[in-house]
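The block underneath contains the structure these notes are about, expressed in structure tokens.
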Amino acid sequence: MAARKPLIAGNWKMFGRQSSLSEIKALWGAIAPAAEAVEALICPPAVYVGQAVWQARGTQISIGAQDCSAVGDDSARTGEISAAMLADAGAKYVIVGHSERRSQHGEPDALVRRKAEAALAAGLIPIICVGETQVERADGRASAVVGAQVRSSVPDGNAAIVVAYEPVWAIGGASTPTVAEIAEIHGLVRATLVAKFGEGASGVRILYGGSVSPKNAAEVFSAEGVDGALVGRASLKAADFAAIILGHPAAK
Ligand code: PGA
């Protein structure tokens with residue numbers, strides 16, 4: 001199997017100001033020795049992507065965005081931001097299909113897939129998020145729901161993607177799945193990607209997201225099939241995010 005460099009991504013959501021961008025330099029100061037072993041990514045609000053890229057110059061911290069338009073071509077779409085613009089600003093990744101976009105903006109799998117396709121066409125790596133709700137897990141449907149989301153949200157024919165498994169009920173809360181539950185869904189996601197891409201799936205990193213913190217990071221990373229994390233709250237402060245990155249076994 002191809003070696004996959006772990007990816008630990010910070011999703012700042014709608015938090016932060018220009019002054020928060022100094023966290024990027026502070027983060028680099030803490031994680032530089034681990035940069036060959038683990039890739040660190042920060043996804044600030046779109047308005048700050050260009051400045052974040054500037055802050056990250058001279059470091060190996062990657063910068064990404066949190067969403068993009070499904071429409072690739074320049075066109076009259078007030079308020080939309082294209083993947084090509086994000087790439088032009090220096091972004092390398094873009095998160096698509098985050099559960100907050102799916103639930104707060106009614107984004108279905110088909111739209112998530114078009115956003116991922118637009119990202120790929122612009123040379124960005126889409127981080128495609130999937131995950132079941134609490135009710136779906138309680139009903140024993142977690143695997144079926146996540147498998148269907150992967151099949152419908154991941155584009156065909158281009159495996160230059162990242163998938164993030166983020167159980168909706170674990171985001172922004174206090175509870176996380178057990179190590180066995182994480183491993184089970186990661187195995188299912190991997191099998192679904194293999195069915196789609198064949199051997200090409202071996203390079204796809206599958207991240208876990210949902211209440212990852214300095215406290216539980218080592219446990220999360222110990223789950224089989226976890227290639228890194230997508231981190232919300234604990235990515236806003238360099239000290240916390242660095243502790244998570246340095247907690248990865250590859251960083252030791
Ligand atoms: P959280 O968010 O780490 O604050 O739970 C994760 C996410 O939504 O990506």
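Answer yes if at least one residue in segment 180-199 is more than 20 Å from residue 93 (Cα to Cα), touching a Ser or Thr at 6+ places or on another chain (Cβ under 6 Å) and at pLDDT 95 or above, and no otherwise. Checked against the condition, which is being more than 20 Å from residue 93 (Cα to Cα), touching a Ser or Thr at 6+ places or on another chain (Cβ under 6 Å) and at pLDDT 95 or above, segment 180-199 yields at least one hit. Assuming residue 176 fulfils every condition listed in (1) part of a loop (DSSP other than H, G, I, E, B); (2) over 20 Å from residue 109 (Cβ atoms); (3) open to solvent by less than 10 Å² (accessible area, probe 1.4 Å) apart from one, which condition is it? All conditions are met except number (3). The number of residues in segment 138-170 that are open to solvent by 30 Å² or more (accessible area, probe 1.4 Å) and within 16 Å of the ligand (Cβ to nearest atom) comes to 2. Just one of (1) open to solvent by less than 70 Å² (accessible area, probe 1.4 Å); (2) in contact (Cβ under 8 Å) with a residue 40 or more places away in the chain; (3) more than 16 Å from the ligand (Cβ to nearest atom); (4) touching a Leu at 6+ places or on another chain (Cβ under 8 Å) fails for residue 52. It is (2).
Checked against the criterion of being closer than 23 Å to residue 228 by Cα and touching a residue at least 24 places away in the same chain (Cβ under 8 Å), segment 69-85 contains not a single residue that satisfies it.
Of all the residues in segment 37-47, those that are touching a residue at least 24 places away in the same chain (Cβ under 8 Å) and either open to solvent by 40 Å² or more (accessible area, probe 1.4 Å) or small (Gly, Ala, Ser) (or both) number 3. Restricting segment 219-252 to residues that are farther than 20 Å from residue 36 by Cβ and part of a helix (DSSP H, G or I) leaves a set whose member that is nearest to the ligand (Cβ to nearest atom) is 233.
The values are calculated or read from the model by the stated rules, or taken from the named source; none is laboratory data. Just so it is clear, the model here is predicted, and its values are computed rather than measured. Counting neighbours? That spans all protein chains shown, and the Cβs are built from the backbone with ideal geometry, glycine included. The accessibility values were calculated without ligands, DNA or RNA, using every heavy atom of the protein model including side chains. Shrake-Rupley method; radii C 1.70, N 1.55, O 1.52, S 1.80 Å.
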